[in-house]
Amino acid sequence: MTSRSLPDFPWDSLRPARARAAEHPGGVVDLSIGTPVDPTPDVLRTALADAADAPGYPTALGTADLRTAAADWLSRRLGVTVADPLGAVPSVIPTVGSKELVALLPTLLGLQGGTVVIPEVAYPTYEVGAVVAGLSVLRSDTPPADVADPVLVWLNSPGNPHGRVLSPEQLRAWVAWGRERGVPVVADECYVELGWDVAPTSVLHPSVAGPMHDGLLAVHSLSKQSTAAGYRAGLLSGDPALVARVWEARRHLGLLVPGPVQAAMAAALGDDGHVELARSRYGARRDRLRAAVEAWGGRVDHSEAGLYLWVTRDEDCWTTVDRLADLGVVVAPGAFYGPAGERHVRLALTATDERVDAAVARLTA
């Protein structure tokens, strides 16, 4: 892959499977894309409406209310204490969702030449962001000894697609590796509120980072935990020197979170009840789907956190995709996420209870 060549958009290759699934008399159960389907909680909707009179431009920095709410959320939910969120150099800023940030971060940091290290099985946008910036990519689940020119590390815990959670020991190894080389280590923690079998630890937690966040960034999102993917509401926090570099670039590019969305974000980050409700919904769907998948003959690997089941029948992923399409169920092939995923498929928990129950019935018939 060259710096000028983006990969094909992977979900386009699912069209034949979607067409096959659409022939099922009970309709399609689409578990291929993790887009929330439950209502956005009132706490966000009310705050959004109350802030709808917004004639002026928002700032890339974010409102004081939002930055304070974000710092409080990081402390309350993740045990992370960031530098003064209202200081002259920011420690947390809002982003237009998390995918935009993932895709643009190498560019926003001004990285020129070198290699971006990403997980073996990974969200495709990590690679896309490197390609857009003209950088090379190395896939590795452990700190590599043989990369001569690293410029950025992406971690993803809990991981998409496989739900793998990195232990504090694994996170500390990456932090030490990055700091020894002066390479920023960035953790995508968008599923951090959805630990099932394991409680995820943030890369910014003092047990991992130590007393300072030098060289470290964390990415968070309200899309899943607050059922607000349509709001495009994300956060970047950590080392103020790195956050400031991203903020300055975003100011120039006009990458601004709308003011009403910032108000909704502040309200959401201050309310834990709606997050627990979403968690209980997803947990119940996970339990039903997992039992059905195993009854069908699939094995669930990892999946200890996040919004997906990582399933294999020890066969090529496209064979499994076709088997499930015959049942009217659409899933994502593991090949979307790198060569190491070619014998797995990803099932999302983001379907209505009615559609989840339909999938369960078909898998256990």
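With both residues required to sit in the chain, DSSP beta bridges show an antiparallel share near 55%. The spacing between region 97-160 and region 6-80, judged by their C-alpha centroids, is 22 Å. Once the C-beta distance of Ala361 and Ala88 is scaled by a Förster radius of 56 Å, the resulting FRET efficiency is 0.45 to the nearest 0.05. Against the compact-protein benchmark of 2.2 N^0.38 Å, the Cα-based radius of gyration of region 128-191 scales to 1.12. Of the residues Ser157, Ala295, Ser221, the one whose Cα sits farthest towards the positive end of the charge dipole of the chain is Ser221 (charges of +1 on Lys and Arg Cβ, -1 on Asp and Glu Cβ, taken about the Cα centre). Could you compute the net charge surrounding Thr125? Neighbours are other residues with a C-beta less than 11 Å from the C-beta of Thr125; K and R count +1, D and E count -1. Residues near Thr125 contribute -2 overall. Size descriptors for region 70-177 (Cα atoms only): Rg and Dmax, in that order, 15.0, 40 Å. Taking the three principal axes of the alpha carbon atoms in region 54-271, the coordinate ranges are 52, 39, 31 Å, sorted in descending order.
When Phe336, Phe9 are arranged by Cβ crowding within 10 Å, least crowded first, meaning fewest neighbours, the order is Phe9, Phe336. The alpha carbons of the chain stretch over 61, 53, 38 Å along the principal axes, in descending order. Across region 286-302, coupling constants 3J(HN,Hα) worked out from phi with the 6.51/-1.76/1.60 Karplus curve, θ = phi - 60°, read 4, 4, 5, 5, 4, 4, 5, 4, 5, 5, 6, x, x, 10, 9, 9, 6 Hz, and Gly and Pro carry x.
FYI, it's all coordinate maths here, none of it is from the lab. Because the structure is predicted, anything quoted here is derived from the model rather than measured. Note: ideal-geometry Cβ built from the backbone for every residue, glycine included; neighbour counts use all protein chains shown.
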